[in-house]
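These notes concern the structure reproduced below.
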Amino acid sequence: MAQGFSLALSHVGYFVTDIAKMVDFYTRFLKFVVSDRGDRDDGGSIVFMTRDPREHHQLVFATGKPAELGFNVINQISFRVDSLTTLREMFHGLKHEAITMLGPITHGNALSVYFLDPEKNRVELLIDTPWYVPQPHRLAVDLDQPDDQLWSSIEKHCRDTPGFTTREQWRTQIEQKIAAAVR
């Protein structure tokens, strides 16, 4: 096996039941653009979407998910947003969408909004925090608090959690683990 190779996640594909409904939500609300679409060899449809001009597609939706399937095999898909302001705006905007809101939480290392998309796939919108606590970790938060109050309460909670460290310290530890793994 090659040593020291680079590996980065490029895209995720979902089988969907109602491709038009899913493409509408992801393009209208999450602002993806369709980069290509077409028919598959098996007669189904496929749509490629991106928000990054360096990536032909970041999401792929393909028809074929049975409507009666009672379980989504994808645990979640997560999108990093650019600021707390954007996270709040999206949280409030989701209240007007045909989705199921799961709510805002912190994992200590992130501040997140979770919801189920129109086909009940779990989606996370997140921003990083400057802290780290061992995972899994989950605490409900009120995104309508003033910024300083919200950040202060999250920091206090993190510092009171066994295993707390800064994101920088955690990153250094992970860099060392990755370097050792690819040797």
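Just so you know, all these numbers are worked out from the coordinates, no wet-lab data involved. What you see is a predicted model; the values in this text were computed from it and never measured. Please note: Cβ atoms are built from the backbone with ideal geometry, for glycine as well, and neighbour counts cover all protein chains shown.
Values as computed for the structure displayed
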{"item": "Whichever residue in region 23-79 is part of a helix (DSSP H, G or I) and among the β-branched types (Val, Ile, Thr) and, among such residues, is surrounded by the fewest Cβ atoms within 10 Å (Cβ to Cβ)", "result": "THR27"}
{"item": "Residue match in region 118-127 (condition: in contact with a helix residue (DSSP H, G or I) (Cβ under 6 Å, 6 or more places away or on another chain) and without any contact (Cβ under 8 Å) to a residue 60 or more places away in the chain)", "result": "yes"}
{"item": "Long-range neighbours under 6 Å by Cβ, at least six apart or interchain, first residue within 25 Å of GLU97 (Cα to Cα) within region 28-43, second among the hydroxyl-bearing types (Ser, Thr, Tyr)", "result": "PHE32/TYR26; SER35/THR50"}
{"item": "Odd one out for VAL113 among (1) of a type in the set (A, V, I, L, M, F, W, C); (2) touching a Leu at 6+ places or on another chain (Cβ under 8 Å); (3) in contact (Cβ under 8 Å) with a residue 24 or more places away in the chain; (4) more than 18 Å from LEU143 (Cα to Cα)", "result": "(4)"}
{"item": "Residue count for region 143-183, restricted to those that are loosely packed, with under 12 Cβ neighbours inside 10 Å and within 23 Å of the chain's Cα centre (by Cα)", "result": "6"}
{"item": "Region 80-110, residues that are without any contact (Cβ under 8 Å) to a residue 60 or more places away in the chain, within 16 Å of THR165 (Cα to Cα) and either assigned to a strand (DSSP E or B) or within 15 Å of the chain's Cα centre (by Cα) (or both)", "result": "THR106, HIS107, ALA110"}
